[in-house]
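What follows is calculated from the coordinates using simple rules that are stated; it is not laboratory data. This one's a predicted model, so the numbers in the text were calculated from it and none came from an experiment. Because the Cβ atoms are built from the backbone with ideal geometry, glycine has one as well, and the counts that use them run over all protein chains shown.
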Amino acid sequence: MKKRVLTTREKLPGRGLERLSGAADVVAWPGTGKPGPADLAALASGVSGMLALGNDPVDGALMDAAGPSLRVISLASMGFDNVDRAAAAERGIVVTHTPRVLAETTADLAFALTLSARRRLGAAGASLASGSWGLFRMHDYLGLDIHGATLGLIGYGQIGRAVARRAHGFGMRVLHHDPYAPDDDLSSSVDLTTLLAESDIVSLHVPLTEETRHLISVHELAAMKPTATLVSTSRGGVVDEEALLHAVREGRLHSAGLDVFEREPMGTQLSPLVAEPHVVTLPHIGSATEATRAAMVDLAVDNILDVLAERPARTPLPGSPGVPGIPAGAAVARP
Ligand code: DGY
């Protein structure tokens, strides 16, 4: 008899879902809005696996609704802050995610945000579209250079390194702050205070954890140059959005490029950051290319199929059964 697997979407890019349906009975959340834990719980009884996306909340109650058959929670995302990993570990459930396959694509988008925010592409394009480009004037649409600037990467894992490689093509000096990553030939390791003070662009590449929540808040924004740009493709909760809004409005920060927000999705309740002329905002599209999203689904499906066939998962998260956890307090420290 085939095992049952719950997916939080009826459609996913690529052929992964087809492969999963060949090997398991797939039950999919049929709604069009973001499913809450109770919506998923109503479908979960007796499933052996769950395939969820990066911002579908998966808590202990949902795991209990599935019952003891649940062996694997597979995220089609690199981020994993939406899953209660302690609850999963207590229940012996493997939690997996999709590292590597999205690093280059997300780094492309971090660079696109950097270019767009510093060169004010959105504002210039909107001015053209509104018919306001009546005269070529030397002082219109002035931005700040990217080439030759200093880039500070907070978090220097796969995506941070991929951004650093791109930065070298632009002749940038690259710094990083990450307790796990020493200097390499792309970037110099510095403390957070130095990174904030010296960078023209600060780009965030840490996961959202208790240690990184509001890592960028009033104090950190005040420590940045007034000509600096903050870029985030990690998770909204890493930035204190209220503090960022004030810093940009008061001219204490040149600009920001944000793909992620504290509240996602926004629907019609837009964050005030969306209307800020010096802030470029996107609806969490860091990994959104056809090839990368298909690769994420494929890896998420492979992880489920492996665990259900009693093989080790390909990309389990630290702390999953049989996988060492990250020591408490080891994430990026405050200055
Ligand atoms: C990720 O992989 O974490 C992306 O942000 C999509 O959820």
Got a number for residues in the range 284-321 being touching an Asp or Glu at 6+ places or on another chain (Cβ under 8 Å) and of a type outside the set (V, I, T)?
5
How many residues does the range 217-253 hold that are out of contact with any strand residue (DSSP E or B) (no Cβ under 8 Å at 6 or more places or on another chain) and either basic (K, R) or in contact (Cβ under 8 Å) with a residue 60 or more places away in the chain (or both)?
9
So which helices (runs of 4 or more DSSP H) stay within the range 73-178 end to end and still have 1 or more residues that are polar (S, T, N, Q)?
103-119, 121-129, 158-169
A careful count of residues in the range 280-300 that are in contact with a strand residue (DSSP E or B) (Cβ under 7 Å, 6 or more places away or on another chain) and surrounded by 23 or more Cβ atoms within 10 Å (Cβ to Cβ) gives 2
Looking only at the range 242-274, which residues are surrounded by 22 or more Cβ atoms within 10 Å (Cβ to Cβ) and either within 16 Å of the ligand (Cβ to nearest atom) or of a type in the set (D, E) (or both)?
G257, L258, D259, V260, F261
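Here's the yes/no breakdown for (1) β-branched (V, I, T); (2) within 19 Å of G236 (Cα to Cα); (3) within 16 Å of the ligand (Cβ to nearest atom); (4) in contact (Cβ under 8 Å) with a residue 12 or more places away in the chain:
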position	(1), (2), (3), (4)
M50	no, no, yes, yes
N55	no, yes, yes, yes
G60	no, no, no, yes
A66	no, no, no, yes
S69	no, no, no, yes
S74	no, no, yes, yes
S77	no, yes, yes, yes
F80	no, yes, yes, yes
V83	yes, yes, yes, yes
Which of (1) under 18 Å from P13 (Cβ atoms); (2) under 19 Å from the mean Cα position of the chain (by Cα) is the odd one out, the single condition T281 does not satisfy?
(1)
Go through the range 1-33 residue by residue and tally those that are surrounded by 15 or more Cβ atoms within 10 Å (Cβ to Cβ) and without any contact (Cβ under 8 Å) to a residue 12 or more places away in the chain.
1
